[in-house]
């Protein structure tokens with residue numbers, strides 16, 4: 001699935017972050033969210049580039065919710081699409097709205113006629129997407145197949161826009177939530193996310209390891225300013241090595257070859 005890194009006509013680097021409440025900086029002023037802190041780090045380290053980071057993250061979003069907002073990503077023409085979703089997919093209580101959006105995704109993207117705009121509109125008129133069962137059945141998570149299908153679709157859409165897709169693993173939870181049954185499925189979704197990144201040859205930004213004390217808000221899920229700063233640091237590390245550095249044509253050190261003495 002690899003594509004040739006684009007030839008950048010300008011020094012502008014356009015990045016879109018599509019995430020949930022962690023990337024949105026829930027509970028904090030916008031300037032403390034890790035995407036903004038990442039932009040500041042990039043501007044300091046690579047001052048010759050003009051960095052634009054569009055944070056489209058929405059608290060509470062699972063992958064089906066981000067899917068219905070994806071047209072906003074296309075309109076921004078990113079060089080890099082950072083996808084930071086998952087925690088709401090693996091632990092959120094069943095939502096009729098989310099189930100409806102999964103049905104819309106399956107109809108629009110998983111069938112040949114759904115990918116035809118005219119036939120898609122006709123299908124909506126003849127057979128609207130089914131309403132979800134209010135009881136939610138036995139499962140409380142976004143089904144694994146829907147989770148992976150939508151993430152894979154997002155990665156393919158990024159490639160079609162000549163953007164590099166980058167998956168961010170879910171941020172670690174506070175140790176106090178280690179035995180919380182609501183989060184028990186999350187390690188399985190985390191593993192599946194890593195496997196998908198490898199399968200699709202997307203960038204994998206690994207942030208799921210111990211955070212320093214004081215990194216979490218009282219709920220043990222959302223991050224304090226200290227936690228957001230640490231996530232920004234971990235994401236930034238990936239800009240200094242391939243595939244992100246190569247795709248954005250970044251140089252970690254300016255050449256000083258012109259200063260070498262002549263051998264003539």
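The values are calculated or read from the model by the stated rules, or taken from the named source; none is laboratory data. These numbers were taken from a predicted model, which means no experiment stands behind them. All Cβ positions, even for glycine, are placed from backbone atoms using ideal geometry, and neighbour counts span all protein chains on display.
Values as computed for the structure displayed
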quantity: Matching residues, the stretch 59-89, being without any contact (Cβ under 8 Å) to a residue 40 or more places away in the chain, in contact with a helix residue (DSSP H, G or I) (Cβ under 9 Å, 6 or more places away or on another chain) and part of a loop (DSSP other than H, G, I, E, B); calculated: 59
quantity: Options 42, 56; residue that is touching a helix residue (DSSP H, G or I) at 6+ places or on another chain (Cβ under 7 Å), at pLDDT 95 or above and within 27 Å of residue 251 (Cα to Cα); calculated: 42
quantity: Qualifying positions in the stretch 218-241 - assigned to a loop (DSSP other than H, G, I, E, B), out of contact with any helix residue (DSSP H, G or I) (no Cβ under 8 Å at 6 or more places or on another chain) and either within 11 Å of residue 27 (Cβ to Cβ) or in contact (Cβ under 8 Å) with a residue 24 or more places away in the chain (or both); calculated: 218, 219, 224
quantity: Selection within the stretch 208-217 - over 22 Å from residue 29 (Cα atoms) and in contact with a helix residue (DSSP H, G or I) (Cβ under 8 Å, 6 or more places away or on another chain); calculated: 208
quantity: Boolean, residue 167 is more than 22 Å from residue 234 (Cα to Cα) and modelled with pLDDT of 70 or more; calculated: no
quantity: Tabulated pairs, the stretch 242-257, first on the phi > 0 side of the Ramachandran plot and surrounded by 10 or more Cβ atoms within 10 Å (Cβ to Cβ), second modelled with pLDDT under 95 and part of a loop (DSSP other than H, G, I, E, B), C-beta under 7 angstrom, 6+ apart or interchain; calculated: 249/5; 249/8
